[in-house]
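Remarks on the structure that follows.
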Amino acid sequence: MLKGDLIKPRLTIRGNQVWPQRLPADYRWLGVAGQLVGLFARFNGRSRATLYDALRDFEGDSLDYPIIRGLAAVLEQRCTFGNEPAVDPVALREKLFGQGPVVWADR
């Protein structure tokens, strides 16, 4: 499902009827979609912020940014993002608590 800011520019409204304008299945949009799939694949295992920076660079100053963002949103919905800690939490706790209590001289 696309967010409102991405779908509104692509809606046709006549009277009380609303329908989306479909993208033509031409080589241009298939190429853009393929490039986005490749971009997402290259950023596998990296941070989400790094991916967003790359998407902004890909989008550039294109007037078709709502379409590019929409295609990227569809891909992002299919992604699974992880949050791997830099240090094993169990090992960190063992090391910290193994040092005993900490006492400050000024308290």
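The values are calculated or read from the model by the stated rules, or taken from the named source; none is laboratory data. Note that the coordinates shown come from a computational prediction; the quantities given were computed from them, not determined experimentally. Cβ sites come from the backbone with ideal geometry, for glycine too, and all protein chains shown count toward neighbours.
Numbers for the structure displayed
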{"read-out": "All positions within the stretch 68-91 that are closer than 23 Å to K3 by Cβ, of a type in the set (V, I, T) and modelled with pLDDT of 90 or more", "value": "I68, V74"}
{"read-out": "Any hit, the stretch 44-53, residues being surrounded by 10 or more Cβ atoms within 10 Å (Cβ to Cβ), farther than 17 Å from I7 by Cβ, modelled with pLDDT of 90 or more and aliphatic (A, V, I, L, M)", "value": "yes"}
{"read-out": "Answer residue from the stretch 75-107, given it is of a type in the set (K, R) and surrounded by 10 or more Cβ atoms within 10 Å (Cβ to Cβ) and is farthest from G38 (Cα to Cα) among those", "value": "K95"}
{"read-out": "Answer residue from the stretch 55-72, given it is small (G, A, S) and surrounded by 15 or more Cβ atoms within 10 Å (Cβ to Cβ) and is nearest to P9 (Cα to Cα) among those", "value": "G70"}
{"read-out": "Total residues in the stretch 9-27, condition surrounded by 11 or more Cβ atoms within 10 Å (Cβ to Cβ) and either under 17 Å from the mean Cα position of the chain (by Cα) or part of a helix (DSSP H, G or I) (or both)", "value": "2"}
{"read-out": "Residues that are closer than 18 Å to Q77 by Cβ and in contact with a Phe, Trp or Tyr (Cβ under 8 Å, 6 or more places away or on another chain), drawn from the stretch 1-34", "value": "L23"}
{"read-out": "Residue check, E94 within 22 Å of G4 (Cα to Cα), at pLDDT 90 or above and not in a loop (DSSP other than H, G, I, E, B)", "value": "no"}
{"read-out": "Long-range neighbours under 7 Å by Cβ, at least six apart or interchain, first residue under 30 Å from A49 (Cα atoms) within the stretch 80-107, second surrounded by 10 or more Cβ atoms within 10 Å (Cβ to Cβ) and not small (G, A, S)", "value": "F81/R48"}
